[in-house]
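To start, the structure itself, in structure tokens.
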Amino acid sequence: MAGRHSRTRIFSSPAGIVATAAVGVALAVGGTVGAVQLASGSEQSGQVALDLTPTTAASSLAPSSPSVSPSASASPSATASPSATRSKQAASRSKERTASPKPKPTAKKTTAAAKVLESGSCGASFYSDGQLTANGESFNPSALTAAHKTLPFNTKVRVTNPANGKSVTVRINDRGPFIDGRCLDLSRAAFATIASVDVGALTVRYEVLG
């Protein structure tokens, strides 16, 4: 066994095996790397010789001092919110109050009363049959129209029944009546407005409107 190795282990007895295990534990804990040569004397003596020759400097396994962690920066102090300020205003109750103006009523539009061009009294009757009127219109017994001998077409005439005060305004669109003592021939609807159609004829007051 003349050769030398970094780690040479020679076991000759059970005691040598135990010693070798102890050396391995020591190397793992201390961190020392070296060459181990185990030589034994005679098998009878049971002694084990250990030759520990360090080949390299033991590395320091001491834990390095922990680096100082940067101190936590102090949190910025909260600034107080600006207090709300109110501008000084004069109390409204100390001011003299004036009554709001009342809206003026709007004047109602009034239509000017129709001018009476002519008036008088005469007999009036009604008719409900006819096809065409003298001005070319289709006769309509439900319309407020009347026939007159001389008044221009579309002249407005207000007819009043003196017995009850009822009146109706008719438009002249036909000619008639052709009976003595009568000056107006009303449509059925116009006559029914101021009197019963059962009467047939009556004396009325008329006003020609301009």
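The values are calculated or read from the model by the stated rules, or taken from the named source; none is laboratory data. Source: prediction; values computed, not measured. When we count neighbours, we look across all protein chains shown, and the Cβ atoms used for this are built from the backbone with ideal geometry, even at glycine. Note: accessible area is taken over every heavy atom of the protein model, side chains too, but ligands, DNA and RNA are not part of it. Shrake-Rupley method; radii C 1.70, N 1.55, O 1.52, S 1.80 Å.
From the set of residues in the range 175-202 that are assigned to a helix (DSSP H, G or I), touching a strand residue (DSSP E or B) at 6+ places or on another chain (Cβ under 7 Å) and of a type outside the set (Ser, Thr, Tyr), which is nearest to LEU144 (Cα to Cα)? The residue in question is ALA190.
The set of residues in the range 119-174 that are crowded, with 19+ Cβ neighbours inside 10 Å, in contact with a helix residue (DSSP H, G or I) (Cβ under 6 Å, 6 or more places away or on another chain) and in a loop (DSSP other than H, G, I, E, B) contains only ASN161. For ALA190, the test of being over 16 Å from GLY120 (Cβ atoms) and open to solvent by less than 50 Å² (accessible area, probe 1.4 Å) is passed.
Residue check, ARG205 against (1) part of a strand (DSSP E or B); (2) open to solvent by less than 70 Å² (accessible area, probe 1.4 Å), all met but one. Which one? ARG205 satisfies all of (1) part of a strand (DSSP E or B); (2) open to solvent by less than 70 Å² (accessible area, probe 1.4 Å) except (2).
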